[in-house]
């Protein structure tokens, strides 16, 4: 840890405190927000917080940041005994099979029990790649309770190439999900979504032209006409082609159409949320040119589908 001290220059007069901190310390907006929330920033000897992030600065003011460790310098604790299944691997990249209930990466240096903790113990070259720090090598994310294919990069050039593919929607992403009700045989869903709440995150369909444009299509793989054992009238196993990647996109999309995912405690009514131990969503395949990985349906999804079928 170190202490950073600097004075506001004439060029920075009337700039926002958070903007100056982000530029001087090479931080993102989110990282700057967390820094202010942590209470380690002072202005002219007085502690400041996130509530004054928009404060306009004056020339000669002194900013001090104590106990500062840049996010890039943090490292995930290696957990060699944590289970990890590698699905595929190539030059500068690898795909792992993320179990449900596992976060992708830690949020604090001492946090354990994430995929990255297990991965750095086996592939230490991942450390420092991409955003570095506690997000080393991460190419995309899955919700904590979503299982399946998760890609990492172990070389910076490969990370940059694959991240650009994700940003330009050049990635083929196939998901499988158990949804309630009797959806159409297939279809396409274009929605504009907005994050209505952070911590915990909650996403809504935006009104008018607000929010982010999202796209996905689906087809029904199997129907369960009598799902009484799960407390439902009917349900279906669907395969989803996700064309964009937005927080909770599949979950919000099917809830919007009246077919929320089984086990979804956030977007489904109580009887649907209680029909499975977790949200029944699985990333089955990701393909970016020669970078390809597949994950079979996990046991809990298979068990939930079998329960919906009823006695054989």
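Rundown of residues vs (1) over 22 Å from residue 101 (Cα atoms); (2) part of a loop (DSSP other than H, G, I, E, B); (3) at pLDDT 95 or above, yes/no style:
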{"residue": "119", "(1), (2), (3)": "no, no, yes"}
{"residue": "130", "(1), (2), (3)": "yes, yes, no"}
{"residue": "141", "(1), (2), (3)": "no, yes, yes"}
{"residue": "144", "(1), (2), (3)": "no, yes, yes"}
{"residue": "148", "(1), (2), (3)": "no, no, yes"}
{"residue": "157", "(1), (2), (3)": "yes, no, yes"}
{"residue": "178", "(1), (2), (3)": "no, no, yes"}
{"residue": "204", "(1), (2), (3)": "yes, no, yes"}
{"residue": "215", "(1), (2), (3)": "yes, no, yes"}
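Yes or no, residue by residue, for (1) over 28 Å from residue 197 (Cβ atoms); (2) touching a residue at least 12 places away in the same chain (Cβ under 8 Å); (3) assigned to a strand (DSSP E or B); (4) out of contact with any helix residue (DSSP H, G or I) (no Cβ under 8 Å at 6 or more places or on another chain):
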site	(1), (2), (3), (4)
223	yes, yes, yes, yes
246	no, yes, no, yes
251	no, yes, no, yes
271	no, yes, no, yes
277	no, yes, no, no
- Message: So residue 188 passes all but one of these: (1) out of contact with any helix residue (DSSP H, G or I) (no Cβ under 7 Å at 6 or more places or on another chain); (2) surrounded by 15 or more Cβ atoms within 10 Å (Cβ to Cβ); (3) assigned to a strand (DSSP E or B). Which condition number does it fail?
- Response: (2)
- Note on the structure: Over the range 41-52, the set of residues over 22 Å from residue 9 (Cβ atoms) and either exposed (fewer than 11 other Cβ atoms within 10 Å of the Cβ) or modelled with pLDDT of 85 or more (or both) is 47, 51
- Top-ranked residue in the range 98-128 [being surrounded by fewer than 21 Cβ atoms within 10 Å (Cβ to Cβ) and touching a residue at least 60 places away in the same chain (Cβ under 8 Å); ranked as nearest to residue 163 (Cα to Cα)]: 99
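Residue by residue, here is whether (1) touching a helix residue (DSSP H, G or I) at 6+ places or on another chain (Cβ under 9 Å); (2) modelled with pLDDT under 95 holds:
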{"position": "95", "(1), (2)": "no, no"}
{"position": "98", "(1), (2)": "yes, no"}
{"position": "101", "(1), (2)": "no, no"}
{"position": "110", "(1), (2)": "no, yes"}
{"position": "134", "(1), (2)": "yes, yes"}
{"position": "138", "(1), (2)": "yes, no"}
{"position": "167", "(1), (2)": "no, yes"}
- Can you tell me which residue within the range 65-83, out of those that are on the phi < 0 side of the Ramachandran plot and touching a strand residue (DSSP E or B) at 6+ places or on another chain (Cβ under 8 Å), is surrounded by the fewest Cβ atoms within 10 Å (Cβ to Cβ)? 69
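The values are calculated or read from the model by the stated rules, or taken from the named source; none is laboratory data. Note that the coordinates shown come from a computational prediction; the quantities given were computed from them, not determined experimentally. Note that each Cβ is placed from the backbone with ideal geometry, even for glycine, and that neighbours are counted across all protein chains shown.
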